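Enquirer: The structure under discussion is supplied below as structure tokens; questions concerning it will follow.
The values are calculated or read from the model by the stated rules, or taken from the named source; none is laboratory data. For clarity, every value in this text was computed on a predicted model and none was experimentally measured. Methodologically, a virtual Cβ is constructed for each residue, glycine included, from the backbone with ideal geometry; neighbour enumeration extends over all protein chains shown.
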Amino acid sequence: MGISDQIRFRRRTSRLCGALALVFVVTLITPGLSPAAQSSSLPPVQSDITIAMIVLDEAMLSPLLRTDGTINRKRFPGFAALADTSTWYRNMLGTSQRTTEAVPSILDGQWPSLKKYPILRDHPNNLFTYLQGKKDLNVYQSVTKLCPKGVCTNAGPLYLRLVDRQVQRFEEFIEASASSTTPALHFTHLLLPHRPWGLAPDLRIAPDLVQFVDTRSERLVDRRRDNYQSMLRQYVATDTLLLEFINKLKASPNWDNTMVVVTADHGITFVPGESYRDKINVNNPGTLEDIYRVPLFIKYPQQNTSAISDCPASSIDILATIIATNAVKSGWTTDGVNLRRTCPQRTSRRIQWPYSTSQISTDFTAVLERVRYYDKWIDANGDVDDIYRVELSGRLLGRKAPTNAPANVSVTWSLNGREGYQNIGTGRLAPVPTRASGTLQTQSNLCARCEGLIAVNGRFVGVLPELAGMTPEVGPLPFSSSLMSRFMNPGKNTVELWVADWTTEKPLLSRVGAAVK
């Protein structure tokens, strides 16, 4: 059995074991805690609580999970820490694939309508007007404008939506939540891990987020997998901030008396050939699960143990749950229910998009199917480094390139943004390349089991599967590769291309060298 066959065998065996474990896990924890068990374990509601609420954007649920349905602690320690002291509503669905309908639905507890704009006039009864005059309001809205004038802040200029500004808004939210001394609402809707995906896991940022356009077909698995890797990088960076939030809040006097809500407006799909989320294809139900399945974690005041609920929750339930927990009536009704004490009796839940609606009747097992789908691309049970380990050559990432390898004179390549590798910084939001792109060309036929490797300072940091089976007739072939940027040093760096030939048991490595331009 060759080395690649061994890898495939181990992956198949791992997935088989995962599938068996999945049956066991679902049998054990479905349907989760009953509503009565949840409410009886929580203290009475009270009106002097603080509410800290995070709404993420384009945040799928499935990437957070291992193939057994548990949160991947190695990759997402922040979400794992949150789950340890909160109620995870893992059978949660958003309502719309557009922020302009999805976020207002979260804030006013009503099924969304395309006839309404994301402004106060169309959503007068919302979280902010409910708490106006009752608590201090510290609000950041990146898109919507549901705050009364002079009460809290509405969405500002478009430049405030840039990735670096979103990180800064998260940091400000963390500080405000941990340092407040009176009952308050701390609310932030962050465009994270939303596109463009430029953050490295350590919160450094690519200097050329939208400068180089990927010209490859959206039907290519390579392109969609590259984008999925990029999203995972930014999701891990978002998780780093979430963990910081939890740790700082726990260390403050505010933890016990704070109701923490973490959710997202909608997700995104990476299925080749499908729209990421702008157009909905009801004939491909997996994409619906990607787009509408989002996280929902609620830490109730005084809650310090974990709970799992498989109740069919929806975004419209969040406001009703906050109102009930705050113990002050609103004077108006919502379309949602109080998840703290009620398990919604829904056999299906409505989703919408312009200009149609549908119903989703699946449960958490559908999420696990999506985990297994993307596990074929990226190991769902792996750590952060495993995000980059694709195809045969992924196992070489992090290793030093050999010093005595033969030269490869057949392959040439170009590299976009070469200057970015000569100005790498340290610390949050410092520049670092997170994804390499350019073109590949060969003067002779390459083997079907040949792959490219990018080395920075003599260490492999990225894989180029595009080289496999390449011929001269193809001409300049566009490529893209996520880079293991933690190995990139401040200052100037050397970047080289290598070819790995996996035809034999042990890969034959040859050095192409620096890009031609």
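Enquirer: Looking at residue 398, is it crowded, with 17+ Cβ neighbours inside 10 Å, at pLDDT 95 or above, touching a helix residue (DSSP H, G or I) at 6+ places or on another chain (Cβ under 7 Å) and outside the structural domain of residue 228 (by TED's automatic domain parsing)?
Expert: no
Enquirer: Same structure again: Could you tell me whether region 168-184 includes any residue that is out of contact with any Lys or Arg (no Cβ under 6 Å at 6 or more places or on another chain), within 29 Å of residue 287 (Cα to Cα), in contact (Cβ under 8 Å) with a residue 40 or more places away in the chain and assigned to a loop (DSSP other than H, G, I, E, B)?
Expert: No, because not a single residue in region 168-184 is out of contact with any Lys or Arg (no Cβ under 6 Å at 6 or more places or on another chain), within 29 Å of residue 287 (Cα to Cα), in contact (Cβ under 8 Å) with a residue 40 or more places away in the chain and assigned to a loop (DSSP other than H, G, I, E, B).
Enquirer: Have a look at 130, 117 and point out the one that is hydroxyl-bearing (Ser, Thr, Tyr), part of a loop (DSSP other than H, G, I, E, B), at pLDDT 95 or above and more than 20 Å from the chain's Cα centre (by Cα). So that I can check it myself, show each step before the final result.
Expert: Working: 130 fails: part of a loop (DSSP other than H, G, I, E, B).
Result of the check over 130, 117: 117.
Enquirer: Looking for something at pLDDT 95 or above, under 17 Å from residue 480 (Cα atoms) and buried (at least 16 other Cβ atoms within 10 Å of the Cβ) - is there at least one such residue anywhere in region 363-370?
Expert: Within region 363-370, none of the residues are at pLDDT 95 or above, under 17 Å from residue 480 (Cα atoms) and buried (at least 16 other Cβ atoms within 10 Å of the Cβ).
Enquirer: Right, next: Among 383, 363, which is the only one that is outside the structural domain of residue 201 (by TED's automatic domain parsing) and of a type in the set (Asp, Glu)?
Expert: Exactly one residue qualifies, and that residue is 383.
Enquirer: Of the residues 122, 108, only one is of a type in the set (Asp, Glu) and surrounded by fewer than 20 Cβ atoms within 10 Å (Cβ to Cβ); which?
Expert: Unique residue meeting the criteria: 122.
Enquirer: Among the residues of region 153-166, which ones are surrounded by fewer than 21 Cβ atoms within 10 Å (Cβ to Cβ) and in contact (Cβ under 8 Å) with a residue 12 or more places away in the chain?
Expert: Hits for region 153-166 are 153, 154, 155, 160, 161, 164.
Enquirer: In this structure, does residue 215 turn out to be among the hydroxyl-bearing types (Ser, Thr, Tyr), within 23 Å of residue 322 (Cα to Cα) and over 18 Å from the mean Cα position of the chain (by Cα)?
Expert: Considered against the rule, which asks whether it is among the hydroxyl-bearing types (Ser, Thr, Tyr), within 23 Å of residue 322 (Cα to Cα) and over 18 Å from the mean Cα position of the chain (by Cα), residue 215 comes out as no.
Enquirer: Can you confirm whether region 73-80 contains a residue that is without any contact (Cβ under 8 Å) to a residue 24 or more places away in the chain and small (Gly, Ala, Ser)?
Expert: In the first step, residues of region 73-80 are kept if they are without any contact (Cβ under 8 Å) to a residue 24 or more places away in the chain; the result is 73, 80.
Now drop any that are not small (Gly, Ala, Ser), which leaves 80.
Within region 73-80, one or more residues are without any contact (Cβ under 8 Å) to a residue 24 or more places away in the chain and small (Gly, Ala, Ser).
Enquirer: Moving on to the next point. Among (1) buried (at least 16 other Cβ atoms within 10 Å of the Cβ); (2) touching a Lys or Arg at 6+ places or on another chain (Cβ under 9 Å), there is one condition residue 458 misses while meeting the rest; what is its number?
Expert: If we test residue 458 against (1) buried (at least 16 other Cβ atoms within 10 Å of the Cβ); (2) touching a Lys or Arg at 6+ places or on another chain (Cβ under 9 Å), just (1) comes out false.
Enquirer: Quick check: anything in region 349-361 part of a loop (DSSP other than H, G, I, E, B), modelled with pLDDT of 95 or more and either polar (S, T, N, Q) or surrounded by 15 or more Cβ atoms within 10 Å (Cβ to Cβ) (or both)?
Expert: yes
Enquirer: Would you confirm whether or not region 226-241 contains a residue that is closer than 20 Å to residue 278 by Cβ, in contact with a Gly (Cβ under 9 Å, 6 or more places away or on another chain) and buried (at least 22 other Cβ atoms within 10 Å of the Cβ)?
Expert: yes
Enquirer: So, one more: Just to check your reading of the model, which residue among 452, 438, 420 is closer than 30 Å to residue 166 by Cβ, modelled with pLDDT of 95 or more and not in a loop (DSSP other than H, G, I, E, B)?
Expert: Of the residues listed, the single one that is closer than 30 Å to residue 166 by Cβ, modelled with pLDDT of 95 or more and not in a loop (DSSP other than H, G, I, E, B) is 438.
Enquirer: Which residue out of 230, 252 is over 29 Å from residue 482 (Cβ atoms), assigned by TED's automatic domain parsing to the domain that holds residue 143 and either of a type in the set (Ser, Thr, Tyr) or at pLDDT below 95 (or both)?
Expert: 252
Enquirer: Next up: Just checking, which of 404, 489 is free of Cβ contacts under 8 Å to residues at least 40 places away in the same chain, not in a helix (DSSP H, G or I) and not aliphatic (A, V, I, L, M)? Write out each step before concluding.
Expert: Working: 489 fails: free of Cβ contacts under 8 Å to residues at least 40 places away in the same chain.
Of the residues listed, the single one that is free of Cβ contacts under 8 Å to residues at least 40 places away in the same chain, not in a helix (DSSP H, G or I) and not aliphatic (A, V, I, L, M) is 404.
Enquirer: Going by what's in this entry, would residue 86 be described as in contact with a helix residue (DSSP H, G or I) (Cβ under 8 Å, 6 or more places away or on another chain) and either surrounded by fewer than 21 Cβ atoms within 10 Å (Cβ to Cβ) or closer than 27 Å to residue 203 by Cα (or both)?
Expert: no
Enquirer: Kindly indicate which of 112, 118, 124, 148 is in the same structural domain as residue 347 (by TED's automatic domain parsing) and closer than 30 Å to residue 369 by Cβ.
Expert: 112
Enquirer: Restricting to region 401-431, count the residues that are closer than 12 Å to residue 207 by Cβ, of a type in the set (Ser, Thr, Tyr) and out of contact with any strand residue (DSSP E or B) (no Cβ under 6 Å at 6 or more places or on another chain).
Expert: So the count comes out to 0.
Enquirer: To continue, here is another question. Can you tell me which residue among 225, 233 is under 24 Å from residue 420 (Cα atoms) and in contact with a strand residue (DSSP E or B) (Cβ under 8 Å, 6 or more places away or on another chain)?
Expert: Every option except 233 fails the conditions.
Enquirer: Would you mind finding the one in 148, 193 that is touching a residue at least 24 places away in the same chain (Cβ under 8 Å), in a loop (DSSP other than H, G, I, E, B) and under 29 Å from residue 212 (Cβ atoms)?
Expert: The conditions single out 193.
Enquirer: Can you tell me how many residues in region 456-486 are part of a strand (DSSP E or B) and among the basic types (Lys, Arg)? Break it down stepwise before answering.
Expert: The first filter runs over region 456-486 and keeps only residues part of a strand (DSSP E or B), leaving 456, 459-464, 477-482.
From what is left, the residues that are among the basic types (Lys, Arg) are 459.
Qualifying residue count for the region: 1.
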